[in-house]
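Notes follow the structure.
Any read-out appearing in this document is the output of simple, stated calculations on the displayed coordinates, not a laboratory observation. For clarity, every value in this text was computed on a predicted model and none was experimentally measured. So basically every Cβ, Gly included, is an ideal-geometry build from the backbone, and we count neighbours across all protein chains shown.
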């Protein structure tokens, strides 16, 4: 039975903005030399091993900003088409919590490093997949600022057992954190997820974060409400719900979809509208697949922001900004359109190649290796894509790794692709050879030599082919007669017989042509 | 007891006419004796100091060149981190805290051959101007044991005045080096903000704090500054500017010295003994051929208010880390107690009343709805004040002179019921911190108006990074006045 009042609602427009935290993978932390656990080299370090006086907030310790982290943040800002503050500063955000060693977090309050950006989301179909036929949407970026992450509290012992008390691990404390804040421009969970994926991809291609979801390298906090158009023509807005700390696309989508359904019903029940003090904070319950109310503080947060007197202003001069801009790699969206334009790939193929930066680098290296082998341009792009997405992706999926870690090198793949292009490998043999070149014992071997040794190369010896064909025709006179009398499709059986004799040394197409030449007049 | 300066000790140790071990042994026994009876010394590093002294003597015998502070015993204010002993900030909160590292200033002193013999008492977390706010009891003034030595670097000033050490480190946020130096009749230097690294100085108000030396002579102050000054990559606010060696040309007179005197320096705030000592000091300068000019620095009137807002705001944030969870005093936890309650009780138990007062004041002035009225306005005053100082220096003043304090040392307990009256004692010292300028206090007279002989201080302020010139002007004054041989008439028995 519908809730009383829900029938008053004529239509619902979902309104979503997002705050996204990205842990930057600089080698050291934001304000000291302690190793950064968001860098793969220090991932999984024992608790409280990545700490120093600054991280722990010991008396007398002083912060010194990490220049590399500032550069990483500027890169993301540029990729999001933001303006970059030429002079910015650090502010202290004060609150007490056991995972916050100094009693304040160093952040940026009124002068964010990056501000006023935008990105264009492609149009999406009903399943949330890119659809060029549909209109896209421009998403405004309010700001992207740098801050330091807090530590972690463990309420269970690391093994999983019950704990009398709480343990604090400060390894994560001080990790450089980029907070990206969007305008409330999303109108569906699909759009929010598409943006989240896009930002993750940008950060990974820029090399500024590993963005491993399970490790919390990227965390989403959607702000969700809805504009309800009522039957009487009035439009009311539901109170904003902020869902904290989502670290998967699935939970991001789930939280938004849940709220999208829930908020009109909530409004029908309590008639509460957006306004001062109505914003609430919720968490996501993965098991129940619903948002749940979080404990709210009785009084409004007052973080007492003020400029950090330990840290001078950050000045980003023309030369520094130019050098960062010059160092920007090609971004995923640009690459995607280039693959479509120059190599004739489908958008889907291009997107698949861009899913993992490592795979993409492998793909582009293969193309480069093909040039000296005489295959270039669109042909190289197409050929390499076929191998990476078929022979490569299949094996990678089986092993749960990226193509680039299968063992085969781009130069070996280029060699295989070139052999195939020359018609010296059947598609089946090429795939088999791909597999061989992934074996550790074959590392560094010449692909052509290996193919020859394994009998995979198509024999150019026309005499052998002629002989095999003649033998098969002689052994199958009835079928041969059928072909000669016009039942051309019957040739398939003969082709199969020849292939059995030839093994990998022939390809079906050549055999078929040879047989037809012999059996059909003219 | 012979009172050798740091210069002389370093020269004698270098020449071998005295051993560092003998110097340190004497300083340690004096620290344990007079130092304890003045409550100026919280801890002595007996073994560490003697070991270092013997190593230094052995190195000299091997022919190694001793450093410029070879064998000089030094006391370090206990809010400056030392990897030896404890760093308590004279607070119950850090009563048992040991630092894993040395402050840069300490490391530089030791690298120059100085030997840290222990830690000196202070007002808790450097908050106070009397030395009374130590969790470990008030420091006493060696000139009159019933009087305060000033603060917050109370132990450092009292120890230098009592001849325990020729050099001590203090920290100065609003006068905490200069005011006790004035009350104890010694020299106290607050260097330009950014000249001496703050790394390892437990922060009170980061934008105002500077480590500075307390010595008996201007020469020793210059020697100390030469050693501790200079860029430190570990302190983002430390300056990369080249700074001249303050010992170079120290005895050269400043030509056509112009001394500016703000009208407030001769105002009604001064008690009679301070007014007359200041007039005498200006006459001494005039006698040296200096031109004395009157200055109008209107923002000085708002300096105290601005100072207590800015310093308390920063303090409330800087001291937030003392929650008793990772280190420091933690209240005995009660079953089922929330973390908020545990932190709150730990801070209430661990931090003294003056510290709590400043934290509350600072929290208030940064709170939503109040920050604009208080904190933002205080920053405006700070800017105006800096501009007025700049203009005064641009008009030709080499230094600006004021009394260091509006009167001589007051009796212990005199301001117990009126913290505001105590705050007003800082009126001459806080402007230099707000503007980041170098300032020095040097003895300029002894008053007997209150029955006992009590020293008074003259403050000189110079443009930023003109520390060497400030010391030259101070040296001129010192050489023309007999006060550099001041010693407390009553040095209590050990």
Could you put B:167, A:274 in order, starting from the residue whose Cβ has the fewest other Cβ atoms within 10 Å?
A:274, B:167
Percentage, to the nearest whole number, of Cα pairs in segment A:462-519 over 16 Å apart
29
Less than 19 Å from a label point 7 Å out along the Cα-to-Cβ axis of residue B:62: which backbone N atoms in segment B:84-115 qualify, by residue?
B:110-115
First check a/c for the protein assembly as shown, with a ≥ b ≥ c the square roots of the eigenvalues of its C-alpha gyration tensor; if it is under 1.5, answer rounded, and if not, answer prolate when a/b is larger than b/c or oblate otherwise.
prolate
Mean separation of Cα contacts under 8 Å, 6 or more apart, over the residue count of chain B: relative contact order %
18
Per DSSP H run of at least 4 residues, take -39500 (n - 2.57); add these up for chain A, divide by its residues and hand me the 222 nm value, nearest 500 deg cm²/dmol.
-11500 deg cm²/dmol
If r is the Cβ-Cβ distance from residue A:40 to residue A:361 and R0 is 22 Å, what FRET efficiency results, to the nearest 0.05?
0.90
Please give the Cα centre distance for segment B:283-315 versus segment A:424-493, rounded to the nearest Å.
97
With a ≥ b ≥ c taken as the square roots of the eigenvalues of the C-alpha gyration tensor of chain B, please select rounded if a/c is under 1.5 and otherwise prolate if a/b is larger than b/c or oblate if it is not?
rounded
Which whole-number value in Å³ per residue fits the convex hull of the alpha carbons of segment A:150-249?
156
With label points built 7 Å along Cα→Cβ from the Cα atoms of residue A:269 and residue A:286, find their separation and express it in nm.
2.6
For residues of B:308-321, the mean tally of beta carbons on other chains within 10 Å
4
Inside 10 Å of the C-beta atoms of A:307-313, what's the mean count of C-beta atoms belonging to other chains?
5
Compute the helix-to-body angle for A:189-206: its Cα long axis versus the longest principal axis of chain A, expressed 0 to 90° and rounded to tens.
80
Normalised by the number of residues in segment B:323-424, what is the relative contact order in percent for Cα pairs under 8 Å and 6+ residues apart?
13
Helix A:427-438 sits off the longest principal axis of the Cα atoms of chain A, rounded to the nearest 10 on a 0 to 90 degree scale, by 50
For segment B:301-378, what relative contact order do you get, as a whole percent, if you take Cα pairs closer than 8 Å and at least 6 residues apart?
45
Mean other chain Cβ within 10 Å across A:207-217 is 0
On Cα atoms only, tilt of A:357-370 relative to the major axis of chain A in degrees
30
Taking the Cα centroid of segment B:53-119 and of segment A:165-230, what is the distance between the two, rounded to the nearest whole Å?
48
Return B:397, B:89, A:211 ranked ascending by Cβ neighbour count within 10 Å, so the fewest neighbours appear first.
A:211, B:397, B:89
For the pair residue A:454 and residue A:427, how long in nm is the line joining their label points, each one 7 Å along Cα→Cβ?
1.8
Once you put a point 7 Å from the Cα of residue A:443 and another 7 Å from the Cα of residue B:256, both along the Cβ direction, what distance in nm separates them?
7.8
Let a ≥ b ≥ c be the square roots of the eigenvalues of the Cα gyration tensor of segment A:332-453; is it rounded (a/c under 1.5), or, if not, prolate (a/b larger than b/c) or oblate?
oblate
How far is the Cα center of segment A:75-137 from the Cα center of segment B:145-169, in Å?
53
So residue B:54 and residue B:241, fully extended at 0.36 nm per residue minus their Cα-Cα distance, gain in nm 63.6 nm
Most exposed first by the Cβ proxy, i.e. fewest other Cβ within 10 Å, how do B:312, A:94 rank?
A:94, B:312
Mark the label point 7 Å from the Cα of residue A:10 along Cα→Cβ and return the residues of segment A:203-238 whose backbone N is within less than 11 Å of it.
A:229-235
